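Below is one structure, written out as structure tokens, with a few remarks after it.
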Amino acid sequence: MKQVQQLEILKHLIAIPSVNGREAAVADYLTKLFTPYQDQIQIERVTYAPGRDNLVITAGQGAKTLGLAGHMDVVAPGDLAQWTTDPFEATVKAGRLYGRGACDMKSGLAAIVVALLEMLEHQTLPGRIRLLATVGEETGEHGAAQLTKAGYADDLAGLVIAEPSADLREVGYTAKGVIDYILTAKGQSAHASQPQLGINALDHVLEFATQAKARLAKLDQVDPVLGPLTHVISVINGGEQINSVPAQATLQGNIRTIPAHPNQQVYDILAGLVAELNQRPGYDLRLTYSFPEEPMPGVADASLLKLIDQVHQDVFGTSVTPVGQAGASDGSEFLHAKGDFTIALIGPGGDTSHASNEFVDLAVYYQAIEFYQRLAAAFFAPDN
């Protein structure tokens, strides 16, 4: 495939406005690309919701399976006045391609798609490869969770997720978990001049906040790569007007967990705190969670990481740096598969994820296509 064709595939993906949904249009386009090879591959659409299909393509034969994964959704472009180009019309300037998803992560998705297409075209498939194109990564890894529960990752021997990684200079192998929580408090309104006649819901969420920070601060182990568990109280709302006792209040917080302090440990602490506070007169607290993700453990000297470094040296002439990631990815869901395999995150794209004027360096995009093909060949080599 010529570079102009490789570029056209990426441009087409950028033009599909798969903002927090509508991934089926992306799956439709990718399915058409693979249709010429339908007698050599298995194409499966796994519906998450109307207009939202995961796409799974399995090609090749062999005793072990290499997974290549990428998500099809993107975040909203935000304030269009901050863009110098149309976010859904890929624009090439000075060797960069601009557009929503150019970095996160349609360039990575396009690179693994093109790599697989070229291996099919040239009949160079070195083994069994499964492409996993997912929905809803930006809002909770919904597609990866669905595919994992359905068993699509159970037989993998390794999984490479094409997330942006400092333009392929880094490889993520471990990541913090995420807990977004919402605390709601019900009280009783009264005139502010007679607060004893009411129940101040805002006081109750502030009491929760104070105690939650103190108790979670005791989870003080520090991961050598990921650092400590962090807890940020990010949103507090309450009250109706300045001279009334607040009858309702909410608090939202974000916690980033580490393998030494997994999510369940946090759940137990917060649930225990809510139960204690609700024993006090007038307290009526309720705690819910939004899209929690477990921390992703990993080992820097895993065989897949060593192989990635070897191929990186062959393609780029330099070693790749193993890193931990503070943000969650589809890897947080795929790690729940039944198989025992390493997950690595490496792909084109730098630090413009979710930003206005998001871009990818096209030279890196083209190199990523070569990198994934050579990694696949090395993965199935007899001595690996």
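What the table shows:
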quantity	calculated
Candidate set: region 348-384, residues that are open to solvent by 30 Å² or more (accessible area, probe 1.4 Å) and small (G, A, S); chosen: the one nearest to P164 (Cα to Cα)	G350
Helices (runs of 4 or more DSSP H) completely within region 256-343 that count 2 or more residues being in contact with a Pro (Cβ under 9 Å, 6 or more places away or on another chain) and under 23 Å from A378 (Cβ atoms)	303-316
The listed residue being in contact with a strand residue (DSSP E or B) (Cβ under 9 Å, 6 or more places away or on another chain), on the phi > 0 side of the Ramachandran plot and modelled with pLDDT under 95, out of G239, G177	G239
Positions within region 278-304 being in contact (Cβ under 8 Å) with a residue 24 or more places away in the chain, open to solvent by 70 Å² or more (accessible area, probe 1.4 Å) and over 29 Å from G136 (Cα atoms), in sequence order	D284, S303
Number of the exception - H142 against (1) open to solvent by 40 Å² or more (accessible area, probe 1.4 Å); (2) farther than 27 Å from L362 by Cα; (3) not hydrophobic (A, V, I, L, M, F, W, C)	(1)
Selected residue (criterion: surrounded by the fewest Cβ atoms within 10 Å (Cβ to Cβ)) from residues of region 219-270 that are of a type in the set (S, T, N, Q), touching a helix residue (DSSP H, G or I) at 6+ places or on another chain (Cβ under 8 Å) and under 18 Å from G198 (Cβ atoms)	T250
In region 193-217, the residues that are not polar (S, T, N, Q) and not in a helix (DSSP H, G or I)	G198, I199, A217
Total residues in region 32-53, condition open to solvent by 30 Å² or more (accessible area, probe 1.4 Å) and either assigned to a helix (DSSP H, G or I) or in contact with a strand residue (DSSP E or B) (Cβ under 8 Å, 6 or more places away or on another chain) (or both)	12
Residue list for region 145-165, filter: closer than 10 Å to S329 by Cα and open to solvent by less than 10 Å² (accessible area, probe 1.4 Å)	I161
Residue among L307, L335, L345 that is buried (at least 18 other Cβ atoms within 10 Å of the Cβ), under 30 Å from P77 (Cβ atoms) and hydrophobic (A, V, I, L, M, F, W, C)	L345
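The values are calculated or read from the model by the stated rules, or taken from the named source; none is laboratory data. Model, not experiment: these values are computed from the prediction. All Cβ positions, even for glycine, are placed from backbone atoms using ideal geometry, and neighbour counts span all protein chains on display. Just so you know, the surface numbers come from the protein's heavy atoms only, side chains and all, with ligands and any DNA or RNA stripped out. Shrake-Rupley method; radii C 1.70, N 1.55, O 1.52, S 1.80 Å.
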